[in-house]
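Following: one structure in structure tokens, then a few remarks.
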Amino acid sequence: MRIYIETYGCQMNDYDSRMVTSMLAAAGHASETDPRRADAVIVNTCSVRERAEDRVLGRLRQLTGLMKPDAVLGVIGCVAQRMADDLLSSAHGVDFVVGTDQYERLPEAVANAHAGSRSVSTRVVREQTYDARPSPTEASICDFVSVMRGCDNYCSYCIVPYVRGRERSRPLDRVLDETRSLIELGARDVTFIGQNVNSYLDGDVDFAGLLRAANDVPGLARIRFATSHPKDLSDAVIDAVAGLDNVCEHVHLPVQSGSDTILEAMNRSYTRDDYLALVEKLRARVPGVAVTTDVIVGFPGETEEDYRATVSLMDEVRFDSAFMFRYSVRAGTRAAKLTDDVPEEMKLARLESVISLQRSVTEEINRRLVGTVQEVLVEGPSEKDESLLFGKTGTSKVVVFDGQTATVGGLEPVLITEASAWTLRGTHAPGGGKTRAEKDLAGSGGPR
Ligand code: SF4
């Protein structure tokens, strides 16, 4: 059958869609890029916010309107795990629902649906890490490998532990096998993903051990990882970032709030001072490290003082960049029992103000790179101007540059000539390669 997959949400969902594609291909099915021509349409869904779920339900209606009359429709991912029976009983024309631990059953669900029998498979499988899956058949220069699934942290606003289950780590050898396969297929930069990669553990191999093992994989130029939980960022992981040549100097470290009262209500398991001390230790141990974060404003009970604490923390830490959100109630989470008492317009005002603060900080940090030579892993032609190339620095900054002689997939020295909050611009500077000292000094945030 020709199968069309549409993906919403996080990197883990993108990764799962690629994994599901290889499972269906192993069962003899082909990928289809147009839902109107597909025999089966699968929507991989995100449940992180109510709006994300509403969007998916709206899209299901649209898809049923444009699919072939005999095509079948399936829902997978976090909404499937959370709302299985509603989806099947609803008027969305859904034929099968497969939860986040049951993807191996997809070929059967598609076949059954085509034979007229609708199905739901959402049983949680404690150990499920999909390590029997087929090896990847294609790769991008910058690619992803999941090292673990699920999360045990139960932050009070988050639905993930309820839809992705408890934490489980993939066997190290499977992670390395997949990484090697991607390198053979052309990848040069791999991000290890998981909801909380720092709590990775396979036997006595922890996340620092995984980074050390991956650092020796031939052909792997850059290693990145996301997402880290501050309570689990160990000295060993910090030492790995400091000492391993291929591990990038970038740590994504969600703080969420600068107020101890709100951090406690969020069940984040650290205080403002813990977080500041951790960032200080990280920067002392890894000079030039980029630190990025996630921030939520307008959490239930957030006073003006709590909000000011978030602003002052962002001003003190000076993150390289941040994902910023206003709180929205997530049915099924512990925080949903709290009164959502911050008015929407106040949430919006607080969000706009942290966004504008962060934009000016990011711009100032990027401007400090003008005149330096950055080592860029070249990913290909710039989308906006095909005569230019683009890539990323070790600190995850996007660089667009003029590089006729630069090699796609190669590490190239680029002289930075311009900077904005989003992009660095420059010219290829063969021979202008960066020294380790320049590498340490350039490209990061931190105090002025
Ligand atoms: S660490 Fe917290 S926010 Fe992140 S996935 Fe786990 S429960 Fe959700």
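The values are calculated or read from the model by the stated rules, or taken from the named source; none is laboratory data. Source: prediction; values computed, not measured. Here the Cβ positions follow ideal geometry from the backbone for every residue, glycine too, while neighbour counts run over all protein chains shown. Heavy atoms of the whole protein, side chains included, go into the accessibility calculation; ligands, DNA and RNA do not. Shrake-Rupley method; radii C 1.70, N 1.55, O 1.52, S 1.80 Å.
Counting Lys and Arg as +1 and Asp and Glu as -1 over every other residue whose Cβ lies under 15 Å from the Cβ of residue 207, the net charge comes to -2.
Among residues other than residue 118 whose Cβ falls under 15 Å from its Cβ, what is the net charge (Lys/Arg +1, Asp/Glu -1)? For residues surrounding residue 118, the net value is -4. Close Lys pairs in the chain (alpha-carbon distance under 21 Å; sequence gap of 8 or more, or different chains): 9. Computed from the Cβ-Cβ distance with R0 of 35 Å, the FRET efficiency linking residue 30 to residue 402 stands at 0.30.
Heavy-atom surface analysis with a 1.4 Å probe gives the stretch 2-121 a carbon and sulfur content of 47 percent of its accessible area.
Building the convex hull from the alpha-carbon atoms of the stretch 37-92 and averaging its projection over directions returns 3.6 nm².
From helices alone, the chain scores -10500 deg cm²/dmol at 222 nm; the rule is -39500 (n - 2.57) for each run of n ≥ 4 DSSP H residues, then divide by the residue total.
Placing +1 on the Cβ of every Lys and Arg and -1 on the Cβ of every Asp and Glu, with nothing else charged, gives the chain a dipole about its Cα centre of roughly 380 debye.
Taking the Cα centre of the stretch 1-108 as origin and assigning +1 to Lys and Arg Cβ atoms and -1 to Asp and Glu Cβ atoms, the resulting dipole is close to 340 debye. Evaluated at q = 0.16, 0.17, 0.22 Å⁻¹, the base-10 log of the normalised Debye intensity for the stretch 135-248, with identical point scatterers placed on the Cα atoms, takes the values -0.71, -0.80, -1.22. Rounded, prolate or oblate: which fits the stretch 2-121, taking a ≥ b ≥ c as square roots of the Cα gyration tensor eigenvalues, rounded meaning a/c under 1.5, else prolate when a/b beats b/c? It is rounded, given that a/c, with a ≥ b ≥ c, falls under 1.5. Annotation: the antiparallel percentage among DSSP beta bridges lying fully within the chain is about 35.
Enclosing the Cα atoms of the chain in their convex hull gives a volume equal to 147 cubic angstrom per residue.
Treating r as the C-beta distance of residue 59 and residue 126 and R0 as 41 Å, the FRET efficiency rounds to 0.85. Taking every Cα-Cα distance in the stretch 215-328 and sorting them into 5 Å bins starting at zero, the pair-distance distribution P(r) comes out as 2, 11, 22, 23, 17, 11, 7, 4, 2, 1, 0 percent. Protein heavy-atom accessible surface, 1.4 Å probe, per residue over the chain: 41 Å². With the charge dipole of the chain set up from +1 on Lys and Arg Cβ and -1 on Asp and Glu Cβ about the Cα centre, the Cα lying farthest toward the positive end among the listed residues 257, 48, 349 is that of 48.
Extension gain for the segment residue 427 to residue 338, taken as residue separation times 0.36 nm less the Cα-Cα distance, is 26.8 nm to one decimal.
Dipole magnitude for the stretch 373-440: computed about the Cα centre from +1 point charges on Lys and Arg Cβ and -1 point charges on Asp and Glu Cβ, it is near 240 debye.
Identify which of 153, 112, 13 has the largest mean-square fluctuation in a Gaussian network model of the chain, with springs joining Cα atoms closer than 10 Å. Among 153, 112, 13, the largest mean-square fluctuation in the Gaussian network model of the chain belongs to 112.
Projecting the Cα atoms of 309, 290, 120 onto the dipole axis of the chain, where Lys and Arg carry +1 and Asp and Glu carry -1 at the beta carbon, places 120 farthest toward the positive end.
Legend: P(r) of the stretch 373-440 from all alpha carbon pair distances, 5 Å bins from 0, whole percents, reading 4, 20, 34, 27, 12, 3, 1.
Dividing the mean sequence gap of close Cα pairs (under 8 Å, 6+ apart) by how many residues the stretch 135-248 holds gives a relative contact order of 28 percent. Each principal axis of the Cα cloud of the stretch 285-416 was evaluated for its coordinate range; sorted largest first, these ranges are 59, 30, 28 Å.
Taking every alpha-carbon pair under 8 Å whose residues sit at least 6 apart, the chain reaches a relative contact order of 10 percent. Share of carbon and sulfur in the accessible area of the stretch 135-228 stands at 48%, probe radius 1.4 Å.
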